[in-house]
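The structure appears below as structure tokens.
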């Protein structure tokens, strides 16, 4: 009885889609870990160090998107690495034309500037949408808790930024002037009669007036996310532009899913292309109309295409 010959071949494309990235060295890979929002429980951190010491090189790499990468892992150890990490419920990330692990700042849990719970948003998005195939290119999502935008949300395919729209109760104002001093955008001015004027077009939704007010004269009228779409980095970077304001936190997953649906359909036949470039070809009106069907109260009336950053290298 002859033995059946089984041909085995490593599909590097599929491996990369699963977070295993081929290195220069023979048989060696970088293993990217799934760390949504950059939040890593201590028990997992200890297990990662243990696995890295046993199966990796002399160091790990902290990626720019808040994940940890195990370096110099031999492909023969993949199963052992995944099993060991699984003991601490640590999973491997995803690459390729898929929804990537979302990034986020600390949000409002301990950051005094935070306006929304970015960590909760990032974890929900990771749980429900991580690894979703786009059919075209990578898809990145980032969350910033306030307009300081430390995670640089505007250079994500969809970027969320915490926002507050303030409302002034003149009858509660004690004329201390703290809000005037705290408003770096000069959106609040003190009148000769000590009343306040709110110049709404200057407001960047930071909520500093609400935080600093000792009499609760400044109150929160609306809270949610400012949403920009179409950002990316790389050889030809784009800054995402405004598509929604004060999107409720509970609508984040549905909003991303709607953007993904539009992207999948509009990019057909365009090859390997990011959503920002698709918007440039299809126009902002198409995406606005698509989103307005489900999010009429949040989607802006008009916007501009993602903005090109001139790197001064190569023809734009």
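Every number in this text was worked out from the coordinates using simple rules, so none of it is lab data. What you are looking at is a predicted structure, and each value in this text was computed from that prediction instead of being measured. In this analysis, Cβ positions are derived from the backbone assuming ideal geometry, glycine residues included, and neighbour counts consider all displayed protein chains.
Highest average first, the peptides 60-70, 203-213 ordered by how many other beta carbon atoms sit within 10 Å of their residues are 203-213, 60-70.
Computed packing ranks the peptides 26-32, 128-134 as 26-32, 128-134, most packed first, by mean other Cβ atoms within 10 Å. When Rg and the Kirkwood radius Rh are both evaluated on Cα atoms of the chain, their ratio Rg/Rh stands at 1.07. For the residues 160, 198, 295, a GNM of the chain with alpha-carbon springs under 10 Å puts the largest fluctuation on 198.
Subtracting the Cα-Cα distance of residue 171 and residue 42 from 0.36 nm times their residue separation leaves 41.5 nm of extension gain. Summarised as an ellipsoid, the range 12-86 has semi-axes of 19, 14, 11 Å, derived from the eigenvalues of the Cα gyration tensor scaled by 5 and square-rooted, with the largest first. Counting neighbouring beta carbons within 10 Å and listing from fewest to most, the residues 77, 254, 171 come out as 171, 254, 77. Rounded to the nearest 10 degrees, the angle from helix 118-129 to the longest Cα principal axis of the chain is 40 degrees. Under the criterion of Cα pairs below 8 Å and six or more residues apart, the relative contact order for the chain equals 13 percent.
Based on the alpha-carbon gyration tensor of the range 24-175 and its eigenvalue square roots a ≥ b ≥ c, which shape applies: rounded if a/c is under 1.5, prolate if not and a/b is larger than b/c, or oblate? Prolate shape, in that a/c is at least 1.5 and a/b is the bigger ratio.
Angle check, please: helix 42-55 long axis (alpha carbons) against the longest principal axis of the chain (alpha carbons), in degrees 0 to 90, nearest 10. Tilt relative to the chain: about 30 degrees. Over the range 103-249, the Kirkwood radius and the radius of gyration, each from Cα atoms, give a ratio Rg/Rh of 1.06.
Using bins 5 angstrom wide from zero, how does P(r) for the range 165-222 break down, in % of all Cα pairs? Spelled out per bin, shortest first, that is 4, 22, 37, 27, 9, 1. Rounded, prolate or oblate, given the Cα gyration tensor of the range 49-97, with a/c below 1.5 counting as rounded? Since a/c stays below 1.5, the shape of the range 49-97 is classed as rounded. Just grab the label-to-label distance for residue 270 and residue 294, each label 7 Å out from Cα along the Cβ direction, in nm (one decimal). Each label point lies 7 Å from its Cα, and together they span 1.9 nm.
In this simple spin-label approximation, residue 182 and residue 250 carry label points 7 Å from Cα along the Cα→Cβ vector, and these lie 2.8 nm apart. If I model the range 187-265 as equal point scatterers sitting on the Cα atoms and use the Debye formula, what is log10 I(q)/I(0) at q = 0.13, 0.17, 0.22 Å⁻¹? For the range 187-265 at q = 0.13, 0.17, 0.22 Å⁻¹, log10 I(q)/I(0) is -0.62, -0.85, -1.11. Placing dummy labels 7 Å off each Cα toward the beta-carbon, the span from residue 190 to residue 54 is 6.5 nm. Binning at 10 angstrom from zero up to the longest distance, how are the C-alpha pair distances of the range 204-316 distributed in percent? The percentages, shortest bin first, are 12, 38, 28, 15, 5, 1.
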